[in-house]
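Below is one structure, written out as structure tokens; comments come after it.
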Amino acid sequence: MTIQTKLPEFKTDEMVINLGPQHPATHGVLRLILTLDGEVVKHTEPVLGHLHRAQEWQGQNRTWFQYQALIDRVDYLSGMFTSWALSRAAEVIDGTEVPRRAEFLRVLCAELNRISSHLLWLGTYLIDLGALYGFPFYPFIEREKILTFFEEISGQRMMYNYIRIGGVQRDPKAEWFKKVEEFTKDFPKRVDEWEAIVTENPIFLNRTKGIGVLTKEVAQAYGVTGPTLRASGIDFDLRRFKPYSVYPELKFDVPVYNKDGDTWDRYMARIQEMRQSIEIIKQVLDMIPEGEIMSKKQNAGLRIKAGEGFAAVESPRGILGCYITSNGSDKPYRFRWRNPSFSNLSVLPPLLEERPISDIMAIFGSLDIILPDVDR
Amino acid sequence: MEQFELLTNWAQVNVEAFVLYALAIIAIPCAFCVLFDRAIIRSGFFLIGVFGAVCGLFLILQAQFLALAQLMIYTVGITLVVVIALMLTNPRLEKEGVAVEGRERFSGLVIATVFFLTIYCALRSESWPLSSLRMNPENVKQIGAALITTYALPFEFASVLLLAALMGAILLAKAEPKNDVSKIAGEN
Amino acid sequence: MFNLIGSAINGVKHALGGLYQVKRGLETVAMHTWREPTTEAYPDKAPELPPHFRGRLALTVNPETGENLCISCRQCERVCPDKCIEITANKSTETNKLELIDFKIDHGLCMFCGLCTEVCPTYCIINTNDFEMADYTRSSLIYDLKKLTLTQEESAYYFAAKEMPLPKPKPAKPAAPAAGAAAAKPAAEAKPTATVSPKPAPESAKAPETTADKPAKEVEKKESPSTDTPSVN
Amino acid sequence: MKIDGTVVRGDHFSGNIAEIRKFAVMSLSWLTVIFVAVWGVCWALGIFIPMCLANSSFDFAAILSEVCKALTPIAAVLVFIPINAMFMVLMERRALALFTRRNGPNRVGPDGALQTAADAVKLLLKEDITPTGADALMFTLAPIIFFAPSIFGALPLLAAVTNNHKLFQIVDLPTGIFYVLAASSVPVVGIVMGGWASNNKYSLMGGLRSAAQAISYEIPLVLSLVTICLLAGTLDVVSIAYQQSGGLLNWNILGGGALIGLNKAIAALVSSSGAPFAEVMNAYYPYGWLSFVGAAVLCMCTVILFGVYLIGACAEINRIPFDLPEAESELVSGYNTEYSGIKFAIFFLAEFTNLFIVSTIAVVMFLGSGDCPLPTWLNPLSYPAVYEPLAKALSPVLSVLINDLHLINPPTFWAALWVIFKTYSLIFFAILVRGTLPRFRIDQLMDFGWKRLIPITLVIFVLVAFARGVINFHV
């Protein structure tokens, strides 16, 4: 029993405020209905669906060949992973053996894409924290290089449509590998610079340390995955836990923090992941064999055997799963996507409770959500 | 100020009187607005206008220090008042408007009349000696010296009073541990 | 007392550490002054695009003879997820082959996925490196055969850049019946050379062999029932 | 986690010389334009017209020339503020571009030099929208109340930065710094007013934040300046500027005059004339080692005070990292969310003017105003052997300009050049900070102000009051 003390009642008005869908910092069209007491958030309600494009339904109404081109739009910052999940699911049904060179190319592109996705997150996260004018440009400069690599092999900077069912679309030239190698040599220095600016900055530490603590239990209860989960101290990475492709042959660490799981940990998890991805890319560049890159013909009449299959990949945001039922025709019968952003977003309301309004963006940004991935 | 006097002589008008009337034209309507405006925040802002005009009066009287102190303290102080008014009241008060009961109206009228009469008598009393001394340009120094010699005791009393007020404010505003409050609320 | 002094020293240490970190950040940012800007002077200087860039769609001609390579097989029209390609072709009564009358692409609908270029058996429809298509009306984004057809030099450039095998020079006798609709002469010349025989194709876009190329011989306006509404992106 | 203590330096210095050169040329040409315009207006109004009037015979010529002279400072400030704001915005954009490896604005005019002029024209031509439900009167008054004090605040500084030029003495108030501080405390009213009158929740929050922030940071800001006034023994900015003349060692940032004795003693040693070294030292530091300790403490204190002033000033004018009232990622644009067109332009103008004014105050109060940083005994120009032949060589040209037309006033000229250099260096530093640091959170900001800065300044105030006793100041 607590002793009841007479407190003067200073009841201030609560304010309901709409954060978004048009707001500079909601990373797309998310709407948060906030109930504020002064500057403290009492209640949060994310409103989804502003970007719903019926991606699953569209998949069922398009041929396999057509849908491959569309699926990059689900998570437009990491299109390689959506293509990869789709391809792997289809290959599971079909029993296709993917050529070794294609597998290596997939890993290479995916890890590059992971870096580019984290780079965009890094830049926008610092914007969320108010470093609006200087720092965010640096990650974007590096990201631009990666996008140029993708442009060269796939033809576009974001909608790659590069990883196909049964392989990859195009075999890069030798110079391309050289450029990537140069990039891998240069990139860790850039990360050092960013860390010199950001990581130990007292204001940044104040804004992130101990803010938005996501405990293991809450994270597991909400099905959080990806770096967000690993920052909470749970060692769960599909590349390790359920290895696919050629990941078992590669040496890399999965950065796990056995600590509180605040926003700073999530930041560090992503920074470390970028460094690990560079290590993976270096190994891939050494190990990549010569050979075929495609085991299934790509044309309008692409068909997958009847059956059903599920495959998941570790995308920059978490586990990206794809469940397909095929009836043997040129169109899939049923699609179902498991998107990491959706479950990562669900954890936002408990994290925001009783936090000041400035922390909304610090916490929300650290979850690294992308809205088309939430709504599909 | 020589130029000012030169100009005064040339134009053969009392510029001081002119400025005084100009300031009055700002101050008095603002004061009325403070009283009669329904939105408490707007009256707060009008109060700043009143004090700004009063600061101008001090400047005419060559009391720079007082004028600036007035500006600095009251503008900031009133900003605080406005903020507190914003936090404790409904900012859109003018839309509601509460009717005042008859009895309250009567007592209010009595108090206002007595108050007005007191101030009026005080102002009308003829004991306002005019000093023929010119203002010393170093009046800041004089104020400072007076505060720690002749008027040291009142000055210290004032500061103690302010300190007490400050501590009281801190005590009032000090947040109680959140979980206790929620527990009490939960039990009730 | 000692506690107080200790915490004061700690505070000073903390403050100095923080100041040092801030200084480090400021220095790193200031050092970037000496690096070259990465900005591209875009309108003044065209960007260097890779050969496989998926830009505006266009129709190539035979770089040597200048004849349009389209055989009106309609594979691109069928595969397009957005339904932005519309081919008008006529079955010639004399040769019993398809003659191309018009080829329309609505670039306002196109999402530049490049699927049409992958299925094209004759490397006729390609993605060019042009991306400056901004225009004032939607209707002006619909490109017709004349607007789509590249010149011989451009075709030669893209055939070389994209490493596509050159079409075999066909010394076919030009029995060109007057094509009424289009003023484009390559279209007229293209008709008799309806080369169904697939060229040797590299990696991805191999010759169509599934059901897809069989209905190509039927003359249907458009409307392939297999796909649905265009995607709204 | 791998963070070594080393500073990561740029590793390819292949050269950005072209861009840096463009930046320098742009800055120099803009500065020339600004100060030639201001100087021209001052000269015309304060010197040329009275000169003409002096020869005329109509009866109120004298009075008219006095009026012209009296209006000169106001005209100077009014001409200066808009042009300077244009330049500062351009400088900020180009400097940030340099830091972030971009080109910056480079379309309008030569190398983009007219970009902000075009922006200003655009802003003035934009539609002026008053949102529904807004309090129209307050909504209109807010930008004016925000902007007007910056004009008044700039006036007393004019005499201090021009080496007490007699045209600007009219506003040479004995309470100069107090006047400036009083003027700088008013804009917050404008922000709260604008925030409330906009009828927008984000604006309201921005206004409230601004009130809390400005009131909290006013205290360390004023305390740091008051401590300097304590050291100087006056509130008059002109005297404070004068006291610091004679090189870096005399500046307030280094002990607030505690090193003047050292400076004089070294000068005596160098010139080997006048009083000997030890005697001068004894005159200034009468208590031996106690005095030296006092001087060291004062040096440390004033350096910290300078830092506190910069932080407080940044918070007062809502610069990053204290730009909470207009925190983009949280409050859209804070108190000026609903503003557009000319009202927004006024907010914008006032923000940059305030930045300039706080930089000028820092220069006047801490960095020796228009003083050359080289101590007199190190400065070749202070020796007659160097100075006189130079003066003789230039005299035919200069005498016309100086004595006949009064176009140039040498003491003012050099002082003004130094002030310009120092002020814009501080502004450049503010831009660098803007390019690096993220934003505070509001409660951390309050903590930092109340729990760190105010105690520090209070402790320093007491320390300075005691340390001052063991040194002879300004003998």
>> For segment A:166-256, give me every one of the helices (runs of 4 or more DSSP H) that falls completely inside it and has 3 or more residues that are more than 14 Å from chain C (Cβ to nearest Cβ).
In response: A:174-197, A:216-221, A:227-230, A:238-241
> Residues A:Ser343, A:Ser366: which one is surrounded by 17 or more Cβ atoms within 10 Å (Cβ to Cβ), at pLDDT 85 or above and within 20 Å of A:Ile71 (Cβ to Cβ)?
Replying inline: A:Ser343
> Can you spot a residue in segment C:66-87 that is surrounded by fewer than 18 Cβ atoms within 10 Å (Cβ to Cβ) and at pLDDT 85 or above?
Replying inline: yes
> Taking segment A:249-266 on its own, how many of its residues are among the aromatic types (Phe, Trp, Tyr) and buried (at least 23 other Cβ atoms within 10 Å of the Cβ)?
Replying inline: 1
> Does segment C:15-32 include one or more residues that are modelled with pLDDT of 85 or more, part of a loop (DSSP other than H, G, I, E, B), more than 9 Å from chain A (Cβ to nearest Cβ) and more than 29 Å from D:Pro105 (Cβ to Cβ)?
Replying inline: no
> Assuming D:Val397 fulfils every condition listed in (1) among the β-branched types (Val, Ile, Thr); (2) more than 28 Å from the chain's Cα centre (by Cα); (3) not in a helix (DSSP H, G or I) apart from one, which condition is it?
Replying inline: (3)
> Does segment D:68-85 include one or more residues that are under 30 Å from A:Phe135 (Cβ atoms) and either surrounded by 18 or more Cβ atoms within 10 Å (Cβ to Cβ) or at pLDDT below 80 (or both)?
Replying inline: yes
> Restricting the first residue to segment D:194-210 and requiring it to be in the same structural domain as D:Met446 (by TED's automatic domain parsing), which pairs with a second residue that is of a type in the set (D, E, K, R) and in a helix (DSSP H, G or I) meet a Cβ separation below 8 Å and a spacing of at least six or different chains?
Replying inline: D:Gly206/D:Glu326
> in contact (Cβ under 8 Å) with a residue 60 or more places away in the chain and not aromatic (Phe, Trp, Tyr), is that true of A:Arg143?
Replying inline: no
>> Which residue is farthest from D:Leu208 (Cα to Cα), if the candidates are limited to segment D:338-353 and must be among the β-branched types (Val, Ile, Thr) and surrounded by fewer than 22 Cβ atoms within 10 Å (Cβ to Cβ)?
In response: D:Ile342
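Per-residue answers, yes or no, for (1) facing another protein chain (nearest Cβ under 7 Å); (2) crowded, with 24+ Cβ neighbours inside 10 Å; (3) within 18 Å of the chain's Cα centre (by Cα); (4) of a type in the set (S, T, N, Q):
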residue: A:Arg114; (1), (2), (3), (4): no, yes, yes, no
residue: A:Leu119; (1), (2), (3), (4): no, yes, yes, no
residue: A:Thr124; (1), (2), (3), (4): no, no, yes, yes
residue: A:Gly130; (1), (2), (3), (4): yes, yes, no, no
residue: A:Lys145; (1), (2), (3), (4): no, no, no, no
residue: A:Glu151; (1), (2), (3), (4): yes, no, no, no
residue: A:Ser154; (1), (2), (3), (4): no, yes, no, yes
residue: A:Arg157; (1), (2), (3), (4): no, no, yes, no
residue: A:Ile163; (1), (2), (3), (4): no, yes, yes, no
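Helices (runs of 4 or more DSSP H) wholly in segment A:279-376 with at least 1 residues that are aromatic (Phe, Trp, Tyr) - which ones? Explain how you work it out, then say what you get.
Numbers: elements: A:340-346, A:348-352, A:357-366, A:371-375.
Per the criteria, A:340-346, A:357-366.
If only one of D:Ile215, D:Ile253, D:Ile266 is closer than 30 Å to D:Lys451 by Cβ and assigned to a helix (DSSP H, G or I), which one is it? I'd like the intermediate steps shown before the answer.
Details: D:Ile253 fails: assigned to a helix (DSSP H, G or I); D:Ile266 fails: closer than 30 Å to D:Lys451 by Cβ.
Of D:Ile215, D:Ile253, D:Ile266, the one residue that is closer than 30 Å to D:Lys451 by Cβ and assigned to a helix (DSSP H, G or I) is D:Ile215.
Yes or no, residue by residue, for (1) among the aliphatic types (A, V, I, L, M); (2) farther than 20 Å from A:Leu108 by Cα:
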{"residue": "A:Gln156", "(1), (2)": "no, no"}
{"residue": "A:Tyr160", "(1), (2)": "no, no"}
{"residue": "A:Ile165", "(1), (2)": "yes, no"}
{"residue": "A:Ala174", "(1), (2)": "yes, no"}
{"residue": "A:Asp186", "(1), (2)": "no, no"}
{"residue": "A:Glu195", "(1), (2)": "no, yes"}
{"residue": "A:Thr215", "(1), (2)": "no, yes"}
{"residue": "A:Ala231", "(1), (2)": "yes, yes"}
>> I'm told C:Phe53 meets every condition in (1) surrounded by 19 or more Cβ atoms within 10 Å (Cβ to Cβ); (2) assigned to a helix (DSSP H, G or I) except one. Can you identify the failing condition by its number?
In response: (2)
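The values are calculated or read from the model by the stated rules, or taken from the named source; none is laboratory data. Only a predicted model underlies this, so the values are computations on that prediction, with no experimental measurement involved. Neighbour counts are summed over all protein chains in view; Cβ atoms, including those assigned to glycine, are modelled from backbone coordinates with ideal geometry.
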